[in-house]
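Student: The following block contains the structure, expressed as structure tokens.
Values in this text are rule-based calculations from the coordinates and carry no lab data. Every value quoted in this text rests on a predicted model; they were computed, and no experiment measured them. Cβ atoms come from the backbone with ideal geometry, glycine included; neighbour counts cover every protein chain shown.
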Amino acid sequence: MKHHIPFVCWLTLLLMLTACRAPEPETLDIATDPPVTHPTTAPPLTPSSSDSLPSALVTPNDFTYLGAFRLPGGDEPPQTFAYGGNAMTFNPDNGTLFVMGHDRVAYGGVPNGNQVAEISIPTPLDTRAVDELPVAAFAQGFHNPTAGYFTNLEEIPKVGLQYLNHPATGPLLHIAWGNHLQAEGEPSHGWFNATLDRPQFKGVWFIGQQDLYSVNGYLFDIPPDWADTYAQGRYLAAGRMRDGGQGGMGPTLFAYRPWRADGSPPPSGTRLEETTLLLYENVYNTEHIERALRGYQHPDEWEGGAWLTTAAGKAAVLFAGTKGTGAKYWYGFIHPDGPEFPCVDTHADFTSCRLADGAPCPPEDFAGCCDEDAGTCVSGRGWWSSRFDAQFILYDPAQLAQVAAEQLESWQPQPYAVLDLDEHLYLTPPEWDAEMLGWGDQRRYRIGDTAFDRANGRLYVLELYADGGKPVVHIWRVE
């Protein structure tokens, strides 16, 4: 069964723009209680030689691809992994993964989607045939732990999930929940029990005064020693990369801790104190591509992250996603004549086409190529680049510590290494999803969330739409 997730809903946008600001909730400081790239006209993100990097950093040579496995179950929503993969986290207590299933779909499509299941991790296989991959088993079947929560946030939800068994709280699944178009006053974070049939959901909370497009797309844990030293004991890292640069022109990251000294949850609506670790400029503050990720493009999608540490004492902060790497990028549609030709939405009231260096496209590129109302466009509307690549980008934790200490501006850290992942991906989505996903060089949404097994150095990465509508899980060893 196929389910198309709507791209942009102008009715929702209208409702958001007319929404009233919610009353300011309580503020509580709870943490103070004892690469391979392709040519462009701009300096791209480029891989560094492993030999030239400090010995304390994880290098590209430290990644070894192990293979992949398939997810279990059928295709009937909402209890299916098909059209899911929005969030994933590793459970070190069981050696399993929690993975989120089929997304909610607005206007009654799949209102009880984004259910969560716990699965085993089979030995991966490195093969080009998806149907030869081993299949995981259910450790806990699908449950709906967020039932009754985030009910206004169902149009293209963005979700982060992190398992954390802290002595103050016991084993919990922490969650960050966003929406494609998100109004002010919609809290974005909570937690629930790791025993899925007794979720006992707590929340919902804000991350300080941060823009909601900056905090609710991915979630991962911070090593306790680092968090205690540099982030005031805030052990969770939340962020989001919202296409179009509305939350920041690059990945964002904030450290927070959603419990009080006795392990109890703060009141619903609390604005949790945060430590900013990474935050680039956003398009509300500037018309230019500046104070941004090097090589930034508006179609970039950073969907997962992990704080890597190794037995050898190395570390890195990793983001995984689908990076725009083409010579041009634009808001609009795929051009039927080829990826090198922009096809802009002629109704856009912003600079809807740019070169890779951030400069506006030549005037002839703004003419458009189709009429969406007349049904002559070959793709869905959105941000497109003339090329996309699946990538890992790696940051130096020492630079994030400098941001936390206000010794660097939040936009100054840049990745020190880039890894291209496409050689390991299947990139064979269902043909009926091509209008949404694109094809060839312009295939978007390649990568979903990530999860990290710190004790064993295993990095798990979801490839979206790889097994029909289901994701598959790829595994890298990090040494």
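Student: Only counting other Cβ atoms within 10 Å, I'd like His143, His166, His288 sorted with the fewest neighbours first.
Tutor: Final ranking by Cβ density, sparse to dense: His288, His166, His143.
Student: For the stretch 330-377, what ratio Rg/Rh do Cα atoms give with a Kirkwood hydrodynamic radius?
Tutor: Ratio of gyration radius to Kirkwood radius for the stretch 330-377: 0.95.
Student: Within the stretch 242-266, which residues have the backbone N less than 20 Å from the label spot 7 Å out from Ala56 along Cα→beta-carbon, could you tell me?
Tutor: 255
Student: I need to check one value: relative contact order of the stretch 330-377, counting alpha carbon pairs closer than 8 Å and at least 6 residues apart, in percent. Kindly include the intermediate steps, with their values, before the conclusion.
Tutor: Working: 65 pairs, mean separation 16.4, N = 48.
Result for the stretch 330-377 is 34 percent.
Student: Stretched out fully, how many nm does the piece from Asp349 to Gln412 gain, at 0.36 nm a residue minus the Cα gap?
Tutor: Here the segment from Asp349 to Gln412 would lengthen by 19.7 nm.
Student: Regarding the chain, what whole-number volume in Å³ per residue does the convex hull of its Cα atoms give?
Tutor: Output value, Cα hull per residue: 138 Å³.
Student: Within the chain, how many lysine pairs that are 8 or more places apart, or on different chains, have C-alpha atoms less than 23 Å apart? Kindly include the intermediate steps, with their values, before the conclusion.
Tutor: Details: Lys2/Lys158; Lys2/Lys470; Lys158/Lys202; Lys158/Lys323; Lys158/Lys470; Lys323/Lys470.
Lysine pair count for the chain: 6.
Student: Taking 0.36 nm per residue of separation and subtracting the Cα-Cα distance, what length does fully extending Gln209 through Glu184 add?
Tutor: The Gln209-Glu184 span can extend by a further 8.0 nm.
Student: For a footprinting-style exposure proxy, rank Phe69, Phe63 by other Cβ within 10 Å, fewest first.
Tutor: Exposure proxy ranking, most exposed first: Phe63, Phe69.
Student: In nm, give the distance between the simple-model label positions of Asn456 and Asn285, each being 7 Å from the Cα along the Cα-to-Cβ direction.
Tutor: Those two pseudo-labels are separated by 4.2 nm.
Student: Once the piece of chain linking Glu423 and Thr310 is laid out straight, how much longer is it, given 0.36 nm per residue of separation minus the C-alpha distance between them?
Tutor: 38.2 nm
Student: For the stretch 344-358 and the stretch 230-257, write down the distance between their C-alpha centroids in whole Å.
Tutor: 26 Å
Student: Can I ask one more? Could you work out [θ]222 nm for the chain from helices alone, using -39500 (n - 2.57) per DSSP H run of at least four and dividing by all its residues? Round to the nearest 500 deg cm²/dmol.
Tutor: Counting only the DSSP helices, I get -1500 deg cm²/dmol.
Student: Here is a follow-up. How much FRET efficiency would the formula 1/(1 + (r/R0)^6) give for Ser120 and Ala261, where r is the Cβ-Cβ distance and R0 is 30 Å, rounded to 0.05? Show your work: numbers first, answer last.
Tutor: Working: r = 36 Å, r/R0 = 1.21.
Efficiency, from the Cβ-Cβ distance: 0.25.
Student: When Cys377, Cys361, Cys343 are ordered from fewest to most other Cβ atoms inside 10 Å of their Cβ, what list results? Present the calculation step by step, with values, prior to reporting the outcome.
Tutor: Working: Cys377 21, Cys361 18, Cys343 24.
The most exposed by this proxy come first: Cys361, Cys377, Cys343.
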